[in-house]
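Below is one structure, written out as structure tokens; the observations come after it.
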Amino acid sequence: MEIIINLFHKVAPVFLAHGIVGIIAFCVRLYMQGGKFRKQTDETGKVAIVTGGNTGLGRETVLELARRGATVYMACRDKEKGERARQEIVKKTGNSKVFSRECDLSSMDSIRKFVEDFKKEQRELHILINNAGVFWEPRRLTKEGFEMHLGVNHIGHFLMTNLLLDVLKRSAPSRVVVVASKAHERGQIYVDDINGKEFYDEGVAYCQSKLANILFTRELAKRLEGTGVTVNALNPGLADTEIARNMIFFQTKFAQYVVETILKPLLWSAMKSPKNGSQTTLYAALDPDLEKISGQYFSDCKLAPVAPAALDDEMAKWLWAQSEKWAGISL
């Protein structure tokens, strides 16, 4: 009995310490989940497009739009994964008006085909959510030769949005929602080396693309004044998704082991769930109070400031003019 009592005295503090740490981590986790979009809206009759709708924040966004009765098109790079996600969402929501269509944002031909096919099926579009993105990838090029972060996160969405503007205007009031990031605060548009030929860093490229998202949002909002189409950007926060899957660090089995057994548990308390990470997207897309709000940036379901670089109107105009050339469109 004495041995058991001594063992208890030795072990109890350890369990107590772990318990306290666990409680603290849980409380931090709750706090970090951020703002929630709690308003109940009926989106029956509305048509929406969500890029990257088969996984992570995009999937949660599609799921909630479908629950609210919207007709939702998932623009997915992987056809099979998109279809599996679509079937799961239809089963969960009972909404059969959820469609998965192939769309590779690193290929302008794929984007043009997606838009062409969409217009054959639908005459209206009330919500366009530019959600898909790549993060911290080794230097690769899109089909047209653009650095991947810039090509997918900015140019691909620039092209898609502009090709859909006629439908958005016809369906007004309508909304464009751009999923950006707090990382834009560390971004800079490298005018003389925007494709990272002379110098490439994964983080620099990602931050540049997220700054481009906000510059695009603000310039598009100005161009859409008086049309009934609004456009806003947002920061979803740090969420537990697969967006970092292509980082070089994660390509080895050892790295994957480290991530799963050490990093994820450590970061768990600081990360939002995918559902909570999608809340600001839903807020920007659905909140009735934002019907006439345009050119803004939101975080945790409320207005947030942007970095000074995102307020550079001359850079926004330059980026727009260049993007038109890159995308092969004239407006």
Report task. Of the listed pairs LYS81/LYS317; LYS36/LYS113; LYS36/LYS143; LYS113/LYS325; LYS182/LYS317, which have alpha-carbon separations greater than 27 Å here? Result -> LYS81/LYS317; LYS36/LYS113; LYS36/LYS143
Query raised in the report: What aspartates and glutamates sit close enough to LYS302 to cross-link, taking a C-alpha to C-alpha distance under 14 Å and skipping anything fewer than 8 places away on the same chain?
Result: ASP287, ASP289
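Within 10 Å of each residue's Cβ, count the other Cβ atoms and sort TRP326, TRP136, TRP318 from fewest upward.
Working: TRP326 22, TRP136 19, TRP318 15.
In order of increasing Cβ crowding within 10 Å: TRP318, TRP136, TRP326.
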Query raised in the report: Extent of the range 33-327 along each principal axis, from alpha carbon coordinates, in Å, largest to smallest?
Result: 47, 45, 36
**Report entry** Compactness of the range 109-237, expressed as Rg and Dmax over alpha-carbon positions, Å
**Finding:** 15.1, 45
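Could you give the size of the charge dipole of the range 33-327 about its Cα centre, using +1 on the Cβ of each K and R and -1 on the Cβ of each D and E, expressed in debye and rounded to the nearest 20? Present the calculation step by step, with values, prior to reporting the outcome.
Working: 43 positive and 38 negative charges, 197 e Å.
The dipole of the range 33-327 has a size of about 940 debye.
Exposure proxy check: SER174, SER110, SER323 ranked by fewest other beta carbons within 10 Å?
So the residues, fewest neighbours to most, are SER110, SER323, SER174.
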Query raised in the report: Most exposed first by the Cβ proxy, i.e. fewest other Cβ within 10 Å, how do PHE199, PHE99 rank?
Result: PHE199, PHE99
**Report entry** J(HN,Hα) series, the range 284-301, from Karplus relation 6.51 cos²θ - 1.76 cosθ + 1.60, nearest Hz, glycine and proline x
**Finding:** 5, 7, 10, 4, x, 5, 9, 4, 10, 8, 9, x, 10, 10, 10, 8, 6, 6
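Values in this text are rule-based calculations from the coordinates and carry no lab data. Fair warning: this is a prediction, and the values are worked out from it, not measured in the lab. Because the Cβ atoms are built from the backbone with ideal geometry, glycine has one as well, and the counts that use them run over all protein chains shown.
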